[in-house]
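> Dropping a structure here in structure tokens format, bear with me for questions.
The values are calculated or read from the model by the stated rules, or taken from the named source; none is laboratory data. None of these values were measured; they are calculated from a predicted model. Backbone-built Cβ (ideal geometry, glycine too); neighbour counts: all protein chains shown. In case anyone asks, the SASA skips ligands and DNA or RNA and just uses the protein heavy atoms, side chains included. Shrake-Rupley method; radii C 1.70, N 1.55, O 1.52, S 1.80 Å.
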Amino acid sequence: MSEIALAKINSFASDAKADSVPPSEESVFVLTSSQLQEIIRQATAPILQELQALRASQEADIERLALDIAHDRQRLARLEKIEPQPMQRDRGEILRALLAVNGGRMLAKDARQKMHLGKEQFSLLLSKMGEYIETKPSHQDKRKLVLIIK
């Protein structure tokens, strides 16, 4: 009977000891610094790979956006460039011929009246003809414009 009592006392002591020790202190690991570094490296490797993939994707997106912006700017520049309409081309040729007949110089007011154009239409025509016709103020009256063939 004493053996049975002794066995029960020992089992009670081990049960009491197991209950009083927190689970975090049951296992003890001893690692060297190189082992700890390797564990950390293995744990962070997938995260680093994903980060590198995200950075590469972001760089590709930035390049694509930059190209899209460049293409949009080119399209806008083409849209902003206004080509003269056929009627404007004809009027431009008429104005150049009119200036040629008058020795390459003529008052803008006289040219406008001979072409039967309004001030706005004539002004628009002159702005389109900038590479062929030059405008300067008259020497006699600075308020009047003289048209000169370039």
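> Scanning region 116-147 for residues that are farther than 25 Å from LYS81 by Cβ and of a type in the set (A, V, I, L, M), which turns out least open to solvent (accessible area, probe 1.4 Å)?
Checking each candidate, the answer is VAL146.
> While we're here: State which residue pairs qualify: first residue under 14 Å from GLU134 (Cβ atoms) and inside region 99-110, second residue among the polar types (S, T, N, Q) and open to solvent by 20 Å² or more (accessible area, probe 1.4 Å) in any location, beta carbons under 9 Å apart, and separation of 6 or more residues or different chains.
Pairs that qualify, where the first residue is under 14 Å from GLU134 (Cβ atoms) and the partner is among the polar types (S, T, N, Q) and open to solvent by 20 Å² or more (accessible area, probe 1.4 Å), are ALA108/THR135.
> All but one of (1) of a type outside the set (Phe, Trp, Tyr); (2) open to solvent by less than 60 Å² (accessible area, probe 1.4 Å); (3) at pLDDT below 90; (4) not in a helix (DSSP H, G or I) hold for MET106; which doesn't?
In the conditions (1) of a type outside the set (Phe, Trp, Tyr); (2) open to solvent by less than 60 Å² (accessible area, probe 1.4 Å); (3) at pLDDT below 90; (4) not in a helix (DSSP H, G or I), MET106 misses (3) alone.
> If you check ALA97 against the conditions, is it modelled with pLDDT of 85 or more, in a helix (DSSP H, G or I) and under 30 Å from PHE122 (Cβ atoms)?
On the way: modelled with pLDDT of 85 or more: yes; in a helix (DSSP H, G or I): yes; under 30 Å from PHE122 (Cβ atoms): yes.
Yes.
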